[in-house]
Amino acid sequence: NHVAAIEGNAGKPIYQMSKWWARRRSSVFRSMLIAAATKAPDDPAEAAKLVWDSYYGNHQKNEAFRKLKVADIFMGGGTTIVEGSRLGMQMYGNDLNPVAWLVVKNELAQVDPEEVQKLLDEIEAEVKPQIMPFYACDCPRGHKGKWTHKSTGEVEEDDFDPLSLTPEQRPEYEYEGPEVIYTFWAKHGPCQSTECNHRTPIMSTPVVAVKKLTVKAWEDRECKSCGETFDIEQKEARMAPAAMLVVAETEKPYALMDDDGRYACPHCSHENQDEKAAAEGKSASLGKSKNKKIELTLLIHPDWLKGSPGKDADGNWFGGSVTDSAEATAAWNEERAKTLKLIEVRGKLPEQIVCPDTGKELSTGKEGGTITKRSTFACQEKTCGKEQDVLAAIRESGRTGPAAAYVIQGSCPWCKEDKQPYSGRFFKCADTNSLNSATEEWLMRRDRDFIDYYPTSELPYGFMTHHLNGGIPNHGFTHWWTMFNPRQLLIHTQLLRTIIDGGEVSNELREMLLGAFQQYLRNQNMFCFWDREYDKLVPMMSNNNFHPKSTMVENSVFPNLGRGNWQSATSAMLKGIEWAQSPWEIVSLADLAVVAPSVADSLTGKSEKAQPDDPVLNRIDLACHSSSDLAAIDDEALDLVITDPPFGGLLHYSELADFFYVWLRLALKNEHPEI
């Protein structure tokens, strides 16, 4: 129907609070519940109309609906339970999986959004100072962050090192300035040739990111000195302002105007100045500026793609795997940073460019990568070149593939204030200092401060873990915690510890925060990757499997930028709570045009929202056990069973849910030992 087509799966905020699989359209279940509870008309052709006539109504005072006892014995993400609750029915929900049980429990929770926000503020106040030194950075345009001592109000000098602060000292300081949004990582293939041991970054192409930026410009201006034409641009369109710049031959000549309105002809270098144009975007001489789109592509330098040796000059193995020592990993990070450089191309990306620093040609497509064919990389050591299977090479090493950070995407508040293109965001080379410090701190504190706040168990044997994608233990992911890097583990353990131990709050509130933590786990691990087309992170389980990646993206925590950070996860939770208290339903304008054409004509788009004023009620009985045993329910105690049962033998979602379960149980095992 029109509503279901517009709604899509998990369209309402309440169904976006936490991850669950195979969610069905809530409009379908609302329709089925209304239909099952309504006396059928004499004419079957009128059945659909009867349901839709009732669809947008408030049924919570309908005694017939209120008396109905309805069960969903395979409740999963809880669509039937939530929609039945809104209709005033007495709902019974059951699922064998404890993660599903928590997801539905949180959807039905009767909590005060202000109390939730208060708890979120306390968590941020506790955790943010602890992790901020690892995410502060410098802006490539020269802006440096400010560290202020809270008690004295003094701003520290530029040479202040926040990474030298102890965990006890960090709450004394406040940070303002550029910070990391995303960190890009590349897995390296360790060459298995005898005596080679070279490590090659596994990258299908040197392209890191693509973006079209908009600048104010005056196009096709004629130089009064030489008579040639060119564009004048008010700001420089750059994704990576510190990277080497290559301008494609297809690009029109252009000049950059500075803050004082000065610009020079790109043909003859004749200088001009128009202060009014710089300040207001228009002037008598240049007229009004227009929006101009500029295509940009960010590339990793070919020298970095050559990789690095697996050992240092003294024969010591480099680190880079999650199980390696802090010293070995720091040495690896420094080794990889030696050749780390970025190239930005302006204009339509050609198949070949000339590197500005070497003068050599670089292929920008697959030929410029290190993957020769599916799951196969070529060793980039100049005397080797052996092609080998990625999985086989990593499996032989007995560890996770050594990874190195190569790029960060950051955000600068002062560039944003200055209205620089890309809204203050930027790309730059990754910084090794913060990564090394995070690794060192994690290894020092994991068995002391955080031992009770991260899962130490091995992956249980299963189809999703041991058969699909070559079996992820063969990729080195033998334990649940190996799916995260040290900085991510530092974040997760501190968030979880604060949720569990922080303050005197109700179990309902605490469990609600655990639902947000579940969502954040999905977005902060070493299985996330970059979507170049949409310029953002793609979370784990975007496809329903454990799929190890060759290039990964690490998320941030508290900045309200990017996709899937902590604030994004908690914002989705708050929106779900608000929707539960004041829900809406989608009205298809195509349907509305039939019954009220004049109203539909005054609206735009495909749909509008109606307010049935039927909040989620707490007339629910939830259980977590096998539905093969429902002895606890008396015979003839239920009027309806409306459920979406699992396919026979399909255990995939259960296995995928273990990724969340091993973390959530640390917080819930004492309060809910039976689950």
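Kirkwood radius and radius of gyration were both taken over the C-alpha atoms of the stretch 205-275, and their ratio Rg/Rh is 1.01. Sorting Glu195, Glu172, Glu280 by accessible area puts them as Glu195, Glu280, Glu172; the probe is 1.4 Å, largest comes first, and only protein heavy atoms count.
Determine the shape class of the stretch 533-641: with a ≥ b ≥ c the square roots of the Cα gyration tensor eigenvalues, call it rounded for a/c under 1.5, and otherwise prolate if a/b is greater than b/c, oblate otherwise. Numbers along the way, then the final one.
On the way: a/c = 2.05, a/b = 1.04, b/c = 1.97.
Oblate shape, in that a/c is at least 1.5 and b/c is the bigger or equal ratio.
Summing charges over all other residues whose Cβ lies under 10 Å from the Cβ of Ser85, with Lys and Arg as +1 and Asp and Glu as -1, gives -1.
So if R0 is 45 Å, what FRET efficiency would Asp418 and Cys268 give, r being the distance between their Cβ atoms, rounded to the nearest 0.05?
0.90
Remark: relative contact order (the stretch 1-159) = 16 percent; criterion is Cα-Cα distance under 8 angstrom and separation of 6 or more residues.
Whenever you get a sec, compute what percent of the accessible area on the chain sits on carbon and sulfur atoms (1.4 Å probe). Its accessible area is 47 percent carbon and sulfur atoms.
Subtracting the Cα-Cα distance of Arg66 and Asp447 from 0.36 nm times their residue separation leaves 131.9 nm of extension gain. At the residue level, Val595 shows approximately 120 square angstrom of accessible surface with a 1.4 angstrom probe and all protein chains present.
The largest accessible area among Tyr55, Tyr175 belongs to the first residue in Tyr175, Tyr55, and the rest follow in falling order (1.4 Å probe, all chains). On the beta carbon distance between Val594 and Ala313, with R0 = 56 Å, the FRET formula returns roughly 0.10. The reciprocal of the average 1/r between distinct C-alpha atoms defines the Kirkwood hydrodynamic radius, which for the stretch 265-352 equals 18.1 Å. When cysteine pairs in the chain are screened for C-beta atoms closer than 4.7 angstrom, the residues that find no partner are Cys137, Cys355, Cys429, Cys528, Cys624. Here's the picture: a label point sits 7 Å out from the Cα of Glu251 along the beta-carbon direction, and within the stretch 276-319 the residues with their amide nitrogen under 14 Å of it are 293-299.
For a straight C-alpha distance cut-off of 15 angstrom, the aspartates and glutamates reachable from Lys549 (same-chain residues fewer than eight places away being disregarded) are Asp389, Asp531. With a ≥ b ≥ c the root eigenvalues of the C-alpha gyration tensor of the stretch 390-538, is it rounded (a/c under 1.5), prolate (a/b larger than b/c) or oblate? It comes out oblate by the Cα gyration axes. Under the shape rule built on the C-alpha gyration tensor, where the axes satisfy a ≥ b ≥ c, the stretch 1-116 is prolate, since a/c reaches at least 1.5 and a/b is greater than b/c. Suppose we keep just the DSSP beta bridges with both residues in the chain; what percent of those would be antiparallel, to 5? Antiparallel: roughly 80 percent of the beta bridges in the chain. Taking a point 7 Å out from the Cα of Glu458 in the direction of its Cβ, the residues of the stretch 465-506 whose backbone N falls within less than 20 Å of it are 465-484.
Here r is the Cβ-Cβ distance between Gln581 and Thr152 and R0 is 41 Å; the resulting FRET efficiency, rounded to 0.05, is 0.40.
Charging the Cβ of each Asp and Glu at -1 and of each Lys and Arg at +1, and nothing else, the dipole of the stretch 101-246 about its Cα centre rounds to 820 debye.
Considering all alpha-carbon pairs of the stretch 125-279, what whole percent are spaced by more than 26 angstrom? If you can, show how the numbers build up before the last one.
Working: 6789 of 11935 pairs.
Tail of P(r) above 26 Å: 57 percent of Cα pairs.
Less than 5 angstrom separates the built amide H of Val246 from those of Glu344, Val345, Arg346, all sequence-distant by 5 or more or on a different chain. A cut-off under 13 angstrom between Cβ atoms defines the neighbours of Lys69, and their net charge, with Lys, Arg +1 and Asp, Glu -1, is -3. Each Cα pair under 8 Å and six or more residues apart adds its sequence gap; the mean of these over the residue count of the chain is a relative contact order of 21 percent.
Average accessible surface for the chain: 46 Å² per residue, computed with a 1.4 Å probe over protein heavy atoms with every protein chain in place. Length gained on full extension, Asp634 to Glu671, computed as 0.36 nm times the residue gap minus the Cα-Cα distance: 10.6 nm.
Listed by chain and number, the lysines placed with their C-alpha closer than 24 angstrom to that of Lys348 are Lys211, Lys212, Lys216, Lys235, Lys252, Lys290, Lys292, Lys293, Lys360, Lys366, Lys428, Lys536; residues fewer than eight positions away on the same chain are left out.
You can think of it this way: the chain between Glu114 and Met244 has 42.0 nm of extra reach, that is 0.36 nm per residue less the Cα-Cα gap.
Kirkwood-type hydrodynamic radius, the chain: 28.3 Å, calculated from all non-identical alpha-carbon pairs. The charge dipole of the stretch 1-93, taken about its Cα centre with unit charges on the Cβ of Lys, Arg, Asp and Glu (plus for the first two, minus for the last two), comes to roughly 420 debye. Site pair Lys212 and Thr358 shows an inter-label distance of 3.2 nm when each label is modelled 7 Å from Cα along Cα→Cβ.
The values are calculated or read from the model by the stated rules, or taken from the named source; none is laboratory data. Every value quoted in this text rests on a predicted model; they were computed, and no experiment measured them. As a convention, Cβ positions derive from the backbone with ideal geometry for all residues, glycine included, and neighbour counts pool all protein chains shown. Note: accessible area is taken over every heavy atom of the protein model, side chains too, but ligands, DNA and RNA are not part of it. Shrake-Rupley method; radii C 1.70, N 1.55, O 1.52, S 1.80 Å.
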